[in-house]
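Every read-out reported here was derived from the displayed coordinates using simple, explicitly stated rules and does not represent laboratory data. In this text, all values refer to a predicted model and were calculated from it rather than measured experimentally. With ideal geometry, Cβ positions are generated from the backbone for all residues, glycine too; neighbour counts draw on all protein chains shown.
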C-alpha cells in the first residue's frame, strides 16, 4: 500500500511571473504527482508544466542566471532516472503532447516531445501507421527519441531514431531551431543518440511505417539450464525473419530455478508464416505456458498516465550491447541472476543494422541484442562485480537502461570518433554545460 510522501525538504524557488504561472512547487496539491520518476524519488524546487518553446527558453534563462539544477522530462519513465532532481527546476513537457499526421500518403508525422508513445500509437492507428518505439505506452516521446528506441518491431523497422526526419529544439541560448539533414546537420546527427546534451527537444518529425495487426506470443520457458537456453534462444532470434522481434526476461522462480518469459512479436497475421517463424524460438527451452494472439499494434502500448512515484524498486541497472550470445557470454549473463532481480535481452539486429554507423550519434550497428540487468541498491556492488566479468563480451551500451554515469559509460555508448565529435559539438552548442543532467559530455577529450 502506498502512503503519502513526506513533505519535500526542498525550498520553493523564486520564479519570474511567466514561470510562476506554470510552476508546481513544494506544498502545492499536485506536487507529489510530478516530483518523482519511475525509478528515482525527487524533490525539485519547481516543476514547470511548460506550454510553449517560449516557456522553455524562459526556464533556461532562469536556470542559467540562478545556477540551479535543470532537468527536462517527457514522461519520467526512463530507467536511468535522469528526469528529476533535488532543489532545482524540472521542465515538464507533458502539455506539449500533440500528434499530427502531416501527410498520410508519405506517412510523415509530427510528434511533440511530451506525448506518450501509447498516445502516438493510438493516433496513428486509424491511418494504418505505426512507429516501433519501446514496449511501454507510458514512456515519453522525448527521452526515447533522443536516445534510440528499441521497440517491438525493431528487427523489421529499425530504431525509432532511424525514422526521424527532423527535430525541433530550444538551445541553451534560448533560440528555437528546427534541424534536419540540410539544416544544422551536425546538430541533427547529435540529437539522434545524444540529444539530451544539446537542448530541450520539443517536437520531432518521423516517417512512420504501414502497420496494422500483429501476432504476439507470450511464452514462459523453464530456463533451469540457463546458459544453454540463452545460446539456443539467441541463435533462433538471429536466424528468424525480420518480422520477428523478441524480448526475453529472466527471473529466478520458485525453488531457485530460472524462468524466462519471451514476448515475441511477428509483424503480420498469416498463421502459417507465424508458426514457421516462431517454432525455432519455442524450441529453445521447455515451454511451461504459451499464449498467442492477434491484436492491433497500438493495443500493445496503452498509455495509462499514472503518476510516477519511484515505484520500481530495481533502481540500479546496467546496460550493454551484445553481438552474439556465445556460450561464454551466456555463462556470465546467467551469473547475473544470482544478484539481479531481472535480466532482460531485447533483440535488435535486422533493420537496426542497416543504418550506416556514421549516420547518427547512435552508431551501434553490428549488435543483435541489448542486455539489461537490474537490482536493488543494496546489491549494487555484487552486480557490478559480475558485470565487470561480463564486460569483455559486450560491445557498446544503450544509455536508456544504464544508471551509472562516467567516462566508461560514455566511451561504451559513443565509441571512438563518435565521442570526439560529440565533445566538439557540445562545446559549440552548450559551452556553459547547461544540459549536464543526463550523461553529460565533457568539455575536452578524455586523456589517453
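Quick look at the numbers
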item	result
Antiparallel bridge percentage (DSSP; both residues within the range 17-92; nearest 5)	20 percent
Residues of the range 405-426 with amide N under 20 Å of the 7 Å Cα→Cβ point at residue 175	422-426
Alpha-carbon spread of the range 76-165, three principal axes, descending order, Å	47, 27, 21
Cα-derived Rg over Rh, computed across the range 309-448 with Rh taken as Kirkwood radius	0.99
Theoretical FRET efficiency, 1/(1+(r/R0)^6), r = Cβ-Cβ of residue 408 and residue 382, R0 22 Å, to 0.05	0.75
Along each principal axis, Cα extent of the range 357-417, largest first, Å	40, 22, 17
Whole-number percent relative contact order across the range 99-210, with pairs defined as alpha carbons under 8 Å at least 6 apart	31 percent
Cβ crowding within 10 Å averaged over residues, with 392-402, 203-213 ranked highest first	392-402, 203-213
Quotient of Cα Rg and 2.2 N^0.38 Å for the chain, N being how many residues it contains	0.96
Column: log10 I(q)/I(0), Debye, Cα scatterers of the range 28-120, q = 0.13, 0.21, 0.24 Å⁻¹	-0.48, -1.02, -1.22
Overall Cα dimensions of the range 213-407, principal axis frame, Å, largest first	48, 48, 41
log₁₀ of I(q)/I(0) at q = 0.11, 0.16, 0.17, 0.21 Å⁻¹ - the range 210-283, Debye sum with one point per alpha carbon	-0.29, -0.57, -0.63, -0.88
Once the Cα gyration tensor of the range 99-210 is diagonalised, semi-axes √(5λ) in Å	22, 14, 13
Residue 105-residue 251 FRET efficiency (beta carbon distance; Förster radius 45 Å; 0.05 resolution)	0.50
Antiparallel DSSP beta bridges within the chain, as percent of all bridges there, nearest 5	90 percent
Cα-only Debye scattering, the range 246-331: base-10 log of I(q)/I(0) at q = 0.11 Å⁻¹	-0.50
Ordering of 78-87, 338-347 by burial proxy (mean other Cβ atoms within 10 Å per residue, highest first)	78-87, 338-347
Computed over the chain: relative contact order in percent, which uses C-alpha pairs under 8 Å that are six or more apart	16 percent
Segment residue 353-residue 275, length gained on full extension (0.36 nm per residue, minus Cα span)	25.5 nm
